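The values are calculated or read from the model by the stated rules, or taken from the named source; none is laboratory data. None of the values given here were measured: they were computed from a predicted structure. We place every Cβ from the backbone using ideal geometry, glycine too, and count neighbours over all the protein chains shown.
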Amino acid sequence: MRSPAALARAEWGPLWSTVRRGVVTKRWRAAPMTLGAVCLAALFHYAQNQSWGYRFVQDIGSVRAEDPLWLSLLRTPLSLFVPALDLPVWGALAQILIVFGIAEICLGRRVTLAVGYVATLAGTLYARLGTALGPDGPLGLPASDARIVDNGPSAAVVGLAVYVCWRYGARCTAVVVVALMVTEAAVKPNLAGKEHLAAISAVALAGAARAAHAAVRHRGAERSGSGVPPIRS
């Protein structure tokens, strides 16, 4: 039986090595997008608590399922940085700094943005689907949830955490995160909990699509290398 230290190295070794190397070699330049995101979230928090800024922040970043779809899609990218009703600002800033920072170092800026946006968008679209289904089914939500302001980084954070862990071989950690989100949704079946599951589902589909694409490219490269021309459709 392996020791706890060996199990920890097997689970988190590649992830820890990548993050450590990025921080040691580049320091704050390892995750400039993350630092900008933290500053933007802090700025939105400050502005929202001022008499002159509350309406402005709501107009550019607050999402509700009852809003027109085009308006929700327009606001969704910035909604990630607008303070959530049930999440203290320090919690939101810590989530962005830690999870986005690790993701930016490990995945790069573009993939981090793409995965975070896919997760957030999945939550936004699920809120509409859930309220349309109604409260009777397991995927449904009460109609009153359509009026809830749906902001904050949590959906993107959960999606990125699962994606990074899976990519870097921390499979047990990814499973634990998913299990915690399933438990949260079961114990407290509200909009936020079910949105987290929607975010995880969307990220899992994106990961599966990426893996399938990589497998197709690998098979094509093997055919080319062996002299057998790839099959053309």
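Of the residues SER144, SER154, only one is polar (S, T, N, Q) and either surrounded by fewer than 19 Cβ atoms within 10 Å (Cβ to Cβ) or modelled with pLDDT of 95 or more (or both); which? Of SER144, SER154, the one residue that is polar (S, T, N, Q) and either surrounded by fewer than 19 Cβ atoms within 10 Å (Cβ to Cβ) or modelled with pLDDT of 95 or more (or both) is SER144. Here GLY140 passes the criteria (1) in contact with a Ser or Thr (Cβ under 9 Å, 6 or more places away or on another chain); (2) closer than 25 Å to LEU97 by Cα except the one numbered (2). Of everything in the stretch 1-15 that is surrounded by 12 or more Cβ atoms within 10 Å (Cβ to Cβ) and of a type outside the set (Gly, Ala, Ser), the residue that is modelled with the lowest pLDDT is LEU7.
Being among the hydrophobic types (A, V, I, L, M, F, W, C) and without any contact (Cβ under 8 Å) to a residue 24 or more places away in the chain is the filter here, so list the residues in the stretch 123-146 that pass it. Explain how you work it out, then say what you get.
We begin by selecting, within the stretch 123-146, every residue among the hydrophobic types (A, V, I, L, M, F, W, C); these are 125, 127, 129, 132-133, 139, 141, 143, 146.
Scanning the stretch 123-146 gives LEU129, ALA132, LEU133, ALA143.
Every test in (1) assigned to a helix (DSSP H, G or I); (2) surrounded by fewer than 18 Cβ atoms within 10 Å (Cβ to Cβ); (3) touching a residue at least 12 places away in the same chain (Cβ under 8 Å) is passed by ALA208 save one, and that test is (3).
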